[in-house]
Amino acid sequence: MNYSTKLLDALALVKQEYFLIKTTYNEVGIVRERVFCYELYHQLRKQLGDELGVVLHGEIDKRGHPDYPKSLQYNSQRNPDLIIHKPGRHDYNSLVCEVKGLIKPTGICKDFETLLDFVTFRDYRKGVFLLYNCSLEQFTNKMIPYISN
């Protein structure tokens, strides 16, 4: 199954109200990544159904797991926003996803480190970085100076 396509299908079902959350102090809305991720999780779970025992988990905590020691490269343990896998096994670690609603360079770099860690050292087949509320141009303009330093 192509989980990237399922992720895109689920993303298309996330209503605009989850991208920016209206508040009493900001009627345009504010970014709340967790609220967005919960709705994305809900829509992706509906897309996946009960296929092949694959499970979608959000922010699964790998701390203390004997098979997931601290990464030698990044010296910390990671909790990605979403993973698709078969619990209790390592042979079907399918997709790991990090989500950001704002361009915060240090957070984005940490997310890329998490994706690299899970794909390189944890045997996940695919890593996806999802940035919402921002254009590619905004991302580039803000990240390139940060990365090149």
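Relative intensity of the chain on a log10 scale, I(q)/I(0) at q = 0.13, 0.20 Å⁻¹, equals -0.64, -1.32, per a Debye sum over C-alpha point scatterers of equal strength in the absence of solvent. Approximating the spin labels as points 7 Å out from Cα along Cα→Cβ, the Asp91-to-Gln16 distance works out to 4.8 nm. Taking amide H positions as modeled 1.01 Å from N, with prolines and chain starts lacking one, the residues under 5 Å from Val55 and 5 or more places away or on another chain are His85, Lys86. A simple spin-label model places pseudo-atoms 7 Å from Cα toward Cβ; at Ile144 and Lys46 they are separated by 3.9 nm. Report the antiparallel proportion of the DSSP beta bridges in the chain as a percent, rounded to a multiple of 5. Taking every DSSP beta bridge within the chain, about 55 percent pair in antiparallel fashion. Given an 8 Å cut-off on Cα distances and at least 6 residues of separation, report the relative contact order of the chain as a percent. Over the chain, the number comes to 18 percent. Straight Cα distances below 26 angstrom link Lys126 to the lysines Lys6, Lys15, Lys46, Lys62, Lys70, Lys86, Lys100, Lys104, Lys110, Lys142, with same-chain residues fewer than 8 positions distant left out.
Coordinate-derived values only; no laboratory data. Bear in mind that the values here come from a model prediction, so they are computed numbers and not experimental data. Ideal geometry is used to build each Cβ from the backbone, glycine not excepted, and the neighbour counts take in all protein chains shown.
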